[in-house]
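The values are calculated or read from the model by the stated rules, or taken from the named source; none is laboratory data. Remember, predicted model here, so these are calculated numbers, not experimental data. Cβ sites come from the backbone with ideal geometry, for glycine too, and all protein chains shown count toward neighbours. Each accessible area value is taken on the protein alone, full model and side chains, heavy atoms only, with ligands, DNA and RNA left out. Shrake-Rupley method; radii C 1.70, N 1.55, O 1.52, S 1.80 Å.
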Amino acid sequence: MEGTPLKKRLVDKDWKGRVSAYEELAGIAQRKELTEAAKYGKFLPKLESHSDPSIHLVPFLKKMVSDSYPRAQDQALSTLLAFAELQLQMDPL
């Protein structure tokens, strides 16, 4: 899956590709520099190591959490949780 853009891996027919994308997104959300970056509902901030900085996450959320493969769905839920925690850090209730 290395070298395949994040956007393509998010909709990959192979569950391993989707898991790879979900793991990358979770890693991005857990980066400390993102706590002061743009909110995830907009475009992800431009990061040097991120292969596709303009990806818009929101359209993928429903498909991510309803993934038919259990391991992929579990990773998708972990990714969503990481972004929710990031959102709370940036904009506490």
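Brief remarks follow.
- Listed by position, the helices (runs of 4 or more DSSP H) enclosed by the chain that each have at least 3 residues that are in contact with a Lys or Arg (Cβ under 7 Å, 6 or more places away or on another chain), at pLDDT 85 or above and surrounded by 14 or more Cβ atoms within 10 Å (Cβ to Cβ) are 15-29.
- The range 11-33 residues that are on the phi < 0 side of the Ramachandran plot, paired with ones that are among the β-branched types (Val, Ile, Thr) and open to solvent by 10 Å² or more (accessible area, probe 1.4 Å) (beta carbon under 7 Å, 6 or more apart): Gly17/Thr4
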